[in-house]
Each structure stands twice: as C-alpha cells, then as structure tokens.
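The values are calculated or read from the model by the stated rules, or taken from the named source; none is laboratory data. Treat the numbers as computed from the prediction; the structure is a model and nothing was measured. For neighbour counting, all protein chains shown are included, and Cβ atoms are generated from backbone atoms with ideal geometry for every residue, glycine included.
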Amino acid sequence: MRTKAILVLMALLLTVGMVAAQDAVEDIVTEYSTDYLNDETLAVQEGEEVDTSAFAKEGPYTIGFINWSTANSWTVQIDEEIKHEASLYPDIEELITVSSDGDVNKQITQIEDMISLGVDVLLVIPVATEPILPALELAAEQGIPVVVFASAPPAEDSQVTTLWADQVQFGRLQGDFLMEELGCEGNIIVLNGLAGIATSDLRRQGLQEAIEACPDGGANVTVLAEEDALWAYDQGKLAVERMLAAFPEIDGVWSQGGAMTQGAIDAFEAAGRDLVPMTGEDNNGFMLAWQERMDDGFTAIAASEPTWQSRVALQAGLRILQGIPVNSFYRLQVPTITGETLEDYVRPEYSDAYWTNSLLPAEVADEIYGQES
C-alpha cells in the first residue's frame, strides 16, 4: 500500500510539475513584443474563448496577409505596422503581403493562392465579406486559421477570430458632431469611402442615424450630394470641387476619411469659399490643416480607425499557431479627437501621410514619415 501511495504521489508531482513548466513558458508574443492583444485599452475581449490547440505547430512560420487595397495612406501604414511587428519574431520565416486593389474577385484568387502556398495563418481585410466566404471556408478546411480584421466577421466558422471597431458608432460620432454644429439644419455634402465595403457602408449608416436623431427627424437637413472618394486626398478634393461648383450653399461636410477631409479643405479655399464644420479621421495632413485654422474659427472632429490593428491581428495569429486560446471577437477601441485633444495627436514633424493613432516606434516612424521642419 505504501509503495502504491508513493507511486501515486510521484505521478501527481510529475503532473503538477509538467503543468507548472507549461505555465512558465512565455509565448513568443510576450517574449519578443508588447502584448497588445490583451491590452483592453486597445482591444476588448468579446465572444467565446476559442480552443486553438488543433492549430498548434512549431515554427518557423509563414504568415499571409491580404490587404483590401494600398490605394491610400491608411492602408499603406497598415502594411508598415504589420511588417514592423513581424520583424520582431525570429519564429516568422516569411511574411507574404499582397493587395487586392479593392477587387473582390482578385481577393478570392489571392486567398486561393495563399492556400496553395501553404501559409500557416492567413490575415485578411475583406473587400466584401459575403463573396469571399467560400474561399475563407476552403482555407479553414485546409487547416489554415484565418484572422479577419478591419471588417465585420464574414461567418462564424470561416475564421478563428475577428478584430473590428464599431463602424456605425464611428459614423454616428461624426454625424452627431455635425448635427450639433448645424443645429440639425442645413445643407451638407458627404464623402464616402467605397460603396459595397462594409466599413464605408456602416459609417454612412451612422451618419443617417445621427440625422434621424434630430428633434425633427432630420427634416431640415439636406444631403446635397455624396460621392465615393476612396478615403484618398486627391479623390476627396476632386469630389468637393465638383460639389462646390454645383451648390452655392454648403453648410457642412461629413467625410468619413481624414485625407478626404484635407482635400475638402483645400477645395473650399481654392474656390474662395468660407470653411464650414467638417468631420474626418486621425490623418496627420487633415489634423495639421485643422490645427492651423482653429484660431480662425474652423471646427472639426476626428474619429480613429487604428493602423495598429494589423500588428494586433498578427499577434492573434501567432497565439493561434502556439495553441494559445484567443477570443472569437475583439472590439477595437476608437478614440474621438476634438479641438481640446487635437494637440495630443497631431505630429508637425511628420508628413501628411502619417496616421496618428499608431504603434510604430519613433525610430521607424521617423524614418518613414519624418521631414525637415
């Protein structure tokens, strides 16, 4: 009996020791980087905890990333963020990044290509959620975990996790500001990103909710015109130039993108028109233009779709490949920048292309975006 008791005790101690050893092993995210995924000031854990043990494998890893486009400075900085994050991990052998150029059929082909290449994990910003669903499901069937970010989740079983900011709230915050500035009365113009892209459509929904929340249901607010300007400076400027030529009285500009808003400012001034209240994002060019005109009475607001989400998505992918549980959904935190907090974000030493809600280290941002005073 005594021998049996000793053997049981030894087995118990061995089991405890193995568990303790496992617990003591630090995952590669915390070993080589800062743990952004579990920082609730950045990403709030929601949904169910996902058992990722079936995806666990030894490195080195090949990471696939499909960006919906690189047509504007935000998507370019998304690339810069993930490239820097990937450079921190010796376990990542290769990061394959491609752009879909806003073409959903191209993105479907790219997903199939990533499957053929045998990537260990696939990170995707969808051009459109429903059309790419069969391709994402094929990846899942092939044992490739999928992380979707900067978009609504396509379906429950096509991806392991999703990281997403509330885009309706994003547009609603901007819309509420504009309605308050105008007293729920006047003529506005609208600059969208791209119709059919969930981010653009949901932000526009937020504006509509803000208009309808006016005491009269928005009866005294007229949307004179709206155009898709691809979140880009040149497209935003051209669109507003056309609207200014068509409409002699514009009281406000609702723009869901910072670079587009910078273009709108330049278009108003080139036409000799007084600036009106405008909305935008945390694009440095827009925020510098805003700051320069504050003393003249120009009012604006900026919401933020963080460029750092690509590095957080990569951290989720690495955790999955280590068999560490993740949540099925992470709600990204989106600060709202007002005239009172503008100085905390704007960066005069950087170019217009910089997006200020960034986690790029100073030495990296200096090299990419720094400019002479």
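Is it true that L288 is buried (at least 24 other Cβ atoms within 10 Å of the Cβ), among the aliphatic types (A, V, I, L, M) and in a helix (DSSP H, G or I)? So L288 does not fit the description; no.
Kindly indicate the residue of the stretch 348-358 that is more than 23 Å from D166 (Cα to Cα) and out of contact with any Ser or Thr (no Cβ under 6 Å at 6 or more places or on another chain) and also surrounded by the most Cβ atoms within 10 Å (Cβ to Cβ) among those meeting that condition. Across the stretch 348-358, the extreme among qualifying residues is Y350.
Restricting A198, A219, A213 to those that are among the hydrophobic types (A, V, I, L, M, F, W, C), farther than 17 Å from Q309 by Cβ, in contact (Cβ under 8 Å) with a residue 24 or more places away in the chain and not assigned by TED's automatic domain parsing to the domain that holds L123 reduces the list to A213.
Could you tell me whether Q371 is polar (S, T, N, Q) and buried (at least 22 other Cβ atoms within 10 Å of the Cβ)?
So Q371 does not fit the description; no.
Confirm whether A246 is buried (at least 21 other Cβ atoms within 10 Å of the Cβ), at pLDDT 95 or above and not assigned by TED's automatic domain parsing to the domain that holds L37.
So A246 fails the test.
Confirm whether R204 is within 18 Å of the chain's Cα centre (by Cα), of a type in the set (D, E, K, R) and surrounded by fewer than 24 Cβ atoms within 10 Å (Cβ to Cβ). Considered against the rule, which asks whether it is within 18 Å of the chain's Cα centre (by Cα), of a type in the set (D, E, K, R) and surrounded by fewer than 24 Cβ atoms within 10 Å (Cβ to Cβ), R204 comes out as yes.
The sole residue among G252, G206 that is touching a helix residue (DSSP H, G or I) at 6+ places or on another chain (Cβ under 6 Å), modelled with pLDDT of 95 or more and closer than 24 Å to G297 by Cβ is G252. Of all residues in the stretch 133-146, exactly one satisfies the criterion of being closer than 22 Å to T199 by Cα and either polar (S, T, N, Q) or within 19 Å of the chain's Cα centre (by Cα) (or both), namely V146.
Considering each residue of the stretch 161-170 in turn, none proves to be touching a Cys at 6+ places or on another chain (Cβ under 9 Å) and either under 26 Å from Q333 (Cα atoms) or acidic (D, E) (or both). In this structure, S310 does satisfy being modelled with pLDDT of 95 or more, within 14 Å of the chain's Cα centre (by Cα) and farther than 22 Å from R172 by Cβ. Against the conditions (1) modelled with pLDDT under 95; (2) closer than 29 Å to P153 by Cα; (3) not in a strand (DSSP E or B), Q315 satisfies every one except (1). For T199, state whether it is in contact with a helix residue (DSSP H, G or I) (Cβ under 7 Å, 6 or more places away or on another chain), among the polar types (S, T, N, Q) and either on the phi < 0 side of the Ramachandran plot or in a helix (DSSP H, G or I) (or both). So T199 passes the test. The residue of the stretch 292-304 that is modelled with the lowest pLDDT, among those that are surrounded by 24 or more Cβ atoms within 10 Å (Cβ to Cβ) and closer than 30 Å to I66 by Cβ, is A303. Within the stretch 214-231, if we keep just the residues that are surrounded by fewer than 22 Cβ atoms within 10 Å (Cβ to Cβ) and closer than 21 Å to S200 by Cβ, the residue that is nearest to the chain's Cα centre (by Cα) turns out to be D228. Taking the stretch 158-190 as the range and being aromatic (F, W, Y) and either more than 28 Å from L122 (Cβ to Cβ) or without any contact (Cβ under 8 Å) to a residue 60 or more places away in the chain (or both) as the test, only F177 passes. Suppose the filter is modelled with pLDDT of 95 or more and within 25 Å of Y354 (Cβ to Cβ); does L224 pass it? For L224, the condition - modelled with pLDDT of 95 or more and within 25 Å of Y354 (Cβ to Cβ) - is not met.
Test of understanding: among V326, V334, which residue is of a type in the set (A, V, I, L, M) and touching a Phe, Trp or Tyr at 6+ places or on another chain (Cβ under 9 Å)? Of the residues listed, the single one that is of a type in the set (A, V, I, L, M) and touching a Phe, Trp or Tyr at 6+ places or on another chain (Cβ under 9 Å) is V334.
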